[in-house]
1. Mind checking which of Val40, Ser20, Gln62 is farthest towards the positive end of the chain's charge dipole, using Cβ charges of +1 (Lys, Arg) and -1 (Asp, Glu) about the Cα centre?
2. What ³J(HN,Hα) values, in whole Hz, does the Karplus curve 6.51 cos²θ - 1.76 cosθ + 1.60 give for segment 10-25 when θ = phi - 60°, with x put for Gly and Pro?
3. Based on DSSP H runs of at least 4 residues, each adding -39500 (n - 2.57), what is the mean residue ellipticity at 222 nm of the chain after dividing by all its residues, to the nearest 500 deg cm²/dmol?
4. Tell me the label-point distance for the pair Leu42, Leu8, using the 7 Å Cα-to-Cβ offset, in nm and rounded to one decimal.
5. If the viscosity is 0.692 mPa s and the temperature 37 °C, what Stokes-Einstein diffusion coefficient in µm²/s follows for the chain when Rh is the Kirkwood radius over Cα pairs?
6. Picking from Glu45, Glu73, Glu58, which is most flexible by a Gaussian network model of the chain using Cα springs under 10 Å?
Amino acid sequence: MTLLSVRLDDEISDEIDTWSNYLGVSRSDLVRDALRRHLVTLTGERDSEAWEEHPLDENELQLTEIADSGPTEDWSDWHDATG
């Protein structure tokens, strides 16, 4: 693990103390989890932008049609496959 030092406003520091006490976790755990969640959100936003900039082409859209068609065989008799 890497030690990272940041400067925070007193308000934010107090809020971190309040929540870490309330949740019964260390300040480091609280900040680490909050930062991880925020980075996941940012990654999702970036991925969303990439999909908007580069939508699926015709070939890729055909694959979604295949996936949506469901099973190609009748599996209804498998309910008693275990005996």
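A short reminder: the numbers here are calculations on the coordinates, not readings from a lab. Remember, predicted model here, so these are calculated numbers, not experimental data. Backbone-built Cβ (ideal geometry, glycine too); neighbour counts: all protein chains shown.
1. The Cα lying farthest towards the positive end belongs to Ser20.
2. 4, 4, 5, 4, 5, 5, 4, 4, 4, 5, 5, 5, 4, 7, x, 10
3. Taken over the chain, the calculation gives -21000 deg cm²/dmol.
4. Rounded to a tenth, the inter-label distance reads 1.7 nm.
5. The calculation lands on 179 µm²/s.
6. Of the options given, Glu73 has the highest mean-square fluctuation.
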